[in-house]
């Protein structure tokens, strides 16, 4: 689309600037903003100053941090070593510990939970006596 092609378009006003005029205006605005914007320095490994000097305070701080890390590592090494128990002295194990509330787990009928049921077999089943057997037992005299 050239500058004269938009004359036939009803949406473009007759007094609107051309593309070239708009480009020139944007370029002028860009130059104004560049003049007012602060300068940003991007540092990369390529453009660094040679032999960057560290201040004495920075060197002291770095040395103190390295020394503190070394001391902590040595302390953790010796603190993690378990002392050997004296011969004849009993050392309690966590596996032998009993919680003070273990008695709450001893519920009635817990033996049912520890056995596997057998289907069709009645272990504690006793047949009820028939009426004749009850009558016979009642007639029997108790022997001393």
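The values are calculated or read from the model by the stated rules, or taken from the named source; none is laboratory data. Quick caveat: nothing in here was measured; it's all calculated off a predicted structure. All Cβ positions, glycine included, derive from the backbone under ideal geometry; neighbour counts span all protein chains shown.
Here is a yes/no grid of residues against (1) surrounded by 10 or more Cβ atoms within 10 Å (Cβ to Cβ); (2) at pLDDT below 85:
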residue: 72; (1), (2): yes, no
residue: 83; (1), (2): no, yes
residue: 86; (1), (2): no, yes
residue: 99; (1), (2): no, no
residue: 112; (1), (2): no, yes
residue: 118; (1), (2): no, yes
Condition broken by residue 6, with the remaining ones in (1) modelled with pLDDT under 60; (2) surrounded by fewer than 10 Cβ atoms within 10 Å (Cβ to Cβ) satisfied: (2)
